[in-house]
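Accompanying notes for the structure given below.
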Amino acid sequence: TWPLPEGRIEAFLQSCDRVLVLEEGEPLLEGSVRALAQKCGCKARIDGKDETLTVLGEYSTTLVLRRVADYLDCPCPVKASSPVVRELPVRPPNLCAGCSHRAVYYAVRHTFGDDAYYSSDIGCYTLGMLPPLRMADFLVCMGSSVSAGSGFARASGKPVVAFIGDSTFFHSGMTGLANAVFNKHDILVVILDNGTTAMTGHQPNPGMLQDILGEEAMHLDIESVVRGLGVTECVKVRSYNLKALHSALEDMRDKKGVRVIIAEEPCVLYARRRLKKAAAQVAYVAEQGADAQRCLEELACPAFYRNGEDVAVDENLCTGCMVCLQVAPKAFKARKRA
Ligand code: SF4
Ligand code: SF4
């Protein structure tokens, strides 16, 4: 819808007597369509925002049905009080199957347990707040994980692990890191670098190789920025490599001062849709028992499901990250995707 396809809208307007613009938020399209109609001398009547469809909130199906029925002067098929769907299954917010953040959170929980405070930030990784991962004890605002985490470490004397994504780090995390170095704080910062701005739809950020038009960009290297801000203890790991993650976490746990782990792995949705990379293998349960149950309960990948007493993997959801094979090597094996 933007830039406005003026030719198509004009042709459409010329074929109508009345036009109803349905858009959430401010009447941007409505105003532009009115201006275009006036410019091209179109006589169609244009309606949009009114007392039913306001600039506030989201437009539910019921709300739009009511407005369209009213507009067409016909009975509305949905009564004001009747719910469209009576019962929905409970579905808590969750990281995608195969999300690299889950692997990092699993490794952090196994290294620090309940002995640390976990400072979170704004991004997909906030979804790790619920059990069993429980990786967000507090979240103040965008870019605050390092600065708020530094304060918690100073006030409590307990270990603090702060999580921040690559785009949030560039947006407003670098200042907190500079201050943490300057003030000699004691904090472990885990930069979850999934190579994109996943939460809001894969928009470019300064760490990416391409800009929004797909052209080569002057991207910033996170490790160079971190070291440039004065951090000397900085290591890079692949998020899907649990052994390397554990070893980096244990090493950093025993150190003092500002330490940074950069955990790299592209967001699986971004890898599949934009980078055209999809794993050729999927996981399956080769041996039922305590290990498979433990993996289901502790890693809790959404591709797992219970089949009676057994644990099973939904092949349609499994992305082939192979993290469950590292958590429970006897229980899970890989096979070629059908
Ligand atoms: S969109 Fe990407 S980063 Fe976000 S939860 Fe899904 S896999 Fe993880
Ligand atoms: S390989 Fe295992 S952890 Fe990864 S998506 Fe598949 S079932 Fe989930």
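For the range 281-336, the pair-distance distribution built from all alpha carbon pairs, in bins 10 Å wide starting at 0, is 28, 65, 7 percent. Taking Asp221, Asp47, Asp121 as the candidate residues, the one with maximal mean-square fluctuation in a Gaussian network model of the chain, Cα springs under 10 Å, is Asp47.
The residues of the chain expose, per residue, 55 Å² of accessible area to a 1.4 Å probe.
With a length cut of 20 Å (Cα positions projected on each helix's long axis) and a Kyte-Doolittle mean of at least 1.6, go through the chain and give me the DSSP H helices that pass. Answer set is empty.
Our analysis of the chain gives Rg over Rh at 1.07, with the two radii drawn from alpha carbon positions and Rh computed by the Kirkwood formula.
If you plug the beta carbon distance of Trp2 and Ala244 into 1/(1 + (r/R0)^6) with R0 = 30 Å, you get a FRET efficiency near 0.10. Sorting 3-10, 152-159, 259-266 by average packing, meaning the other beta carbons within 10 Å per residue, from highest down gives 259-266, 152-159, 3-10. Note on the range 216-257: semi-axes of the ellipsoid equivalent to its C-alpha gyration tensor, largest first and rounded to whole Å, are 23, 17, 4. Between Gln288 and Lys43, residue separation times 0.36 nm minus the direct Cα-Cα distance comes to 81.2 nm.
Rounded to the nearest 500, the 222 nm mean residue ellipticity of the chain from helices alone is -9000 deg cm²/dmol, with -39,500 (n - 2.57) taken per DSSP H run of at least 4 residues. Charge tally around Val33: other residues with Cβ under 15 Å, Lys/Arg +1 each, Asp/Glu -1 each, net 0. A straight Cα-to-Cα reach below 24 Å connects Lys277 with the lysines Lys236, Lys243, Lys333, Lys336, residues fewer than 8 places away in its own chain not being considered.
Taking other residues whose beta carbon is less than 15 angstrom from the beta carbon of Ile191, and scoring Lys, Arg as +1 and Asp, Glu as -1, yields -4. Under a Gaussian network description of the chain, with springs only between Cα atoms under 10 Å, the residue in Glu297, Glu30, Glu216 that fluctuates furthest is Glu30. For the chain, a Gaussian network of Cα nodes joined below 10 Å ranks Thr175, Thr54, Thr196 by mean-square fluctuation, and the top entry is Thr54.
A simple rule links phi to the HN-Hα coupling: the Karplus curve 6.51 cos²θ - 1.76 cosθ + 1.60 with θ = phi - 60°, which for the range 193-205 gives 8, 9, x, 6, 9, 5, 4, 9, x, 6, 6, x, 9 Hz, with x for Gly and Pro. Compared with the alpha-carbon gap, the fully stretched path from Ser224 to Arg18 is longer by 68.4 nm at 0.36 nm per residue. Over the range 160-284, the pair-distance histogram of Cα-Cα distances with 10 Å bins from zero comes to 12, 41, 32, 13, 2 percent, rounded to whole numbers.
The values are calculated or read from the model by the stated rules, or taken from the named source; none is laboratory data. Every value quoted in this text rests on a predicted model; they were computed, and no experiment measured them. Backbone-built Cβ (ideal geometry, glycine too); neighbour counts: all protein chains shown. For the accessible areas, the whole protein counts, side chains as well, though only heavy atoms, and no ligand, DNA or RNA atoms are used. Shrake-Rupley method; radii C 1.70, N 1.55, O 1.52, S 1.80 Å.
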